[in-house]
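To keep things clear, I will list the structure first and then write my remarks on it.
The values are calculated or read from the model by the stated rules, or taken from the named source; none is laboratory data. Fair warning: this is a prediction, and the values are worked out from it, not measured in the lab. Note that each Cβ is placed from the backbone with ideal geometry, even for glycine, and that neighbours are counted across all protein chains shown. Keep in mind that these areas ignore ligands, DNA and RNA; they rest on the heavy atoms of the full protein, side chains included. Shrake-Rupley method; radii C 1.70, N 1.55, O 1.52, S 1.80 Å.
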Amino acid sequence: LKYPLPADTAVPAVELCSSGYNPGWNRRACTPCGVNITSRNNRTSAWDCFVLKGQGLQILSTADGTTPVRAAIDCWAGSTGMAQDTVMFEARPCDTCPRFMTTEQPQSSSRSDCKAL
């Protein structure tokens, strides 16, 4: 396209990625957020990728062993995850309850969910 555009020129709208984000506003392919990581909002940067409440962030190795991949996992019983949906850059791994304590269910989101056995 040449600018300025004639008045009758149709300009394609920016399409949101169904999963991941598009840092190039349709000039580049969608970039995945990571395994099980949710994208929302404008979906134009990695800051639009979220680890959900009760999940934790984990770094996985790829088959070739060269490129680590971010992943969100559901925290298991006996651990706690994010207290609220959190941008993946600020997310942390699941946190194991103190010794002799557990949670009543998986995907707990608060340290206060850890109860004595």
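Observations on the structure shown:
- Rh by Kirkwood over Cα pairs, then Stokes-Einstein D for segment 46-117 at 1.306 mPa s and 10 °C, µm²/s: 126
- Each residue of segment 76-83 was assigned a 3J(HN,Hα) from its phi angle through the Karplus expression (A = 6.51, B = -1.76, C = 1.60, θ = phi - 60°), giving 7, 4, x, 9, 10, x, 5, 6 Hz with x at Gly and Pro.
- Sequence of 79, 61 when ordered by accessible area, the most exposed leading, probe 1.4 angstrom: 61, 79
- Surface accessible to a 1.4 Å probe, per residue, for the residues of segment 36-95, Å²: 53
- Dipole magnitude for segment 31-117: about 120 debye, using +1 per Lys or Arg Cβ and -1 per Asp or Glu Cβ, origin at the Cα centre.
- Placing unit charges on each Cβ (+1 for Lys and Arg, -1 for Asp and Glu) gives segment 74-117 a dipole about its Cα centre, and among 75, 97, 117 the Cα reaching farthest toward its positive end belongs to 117.
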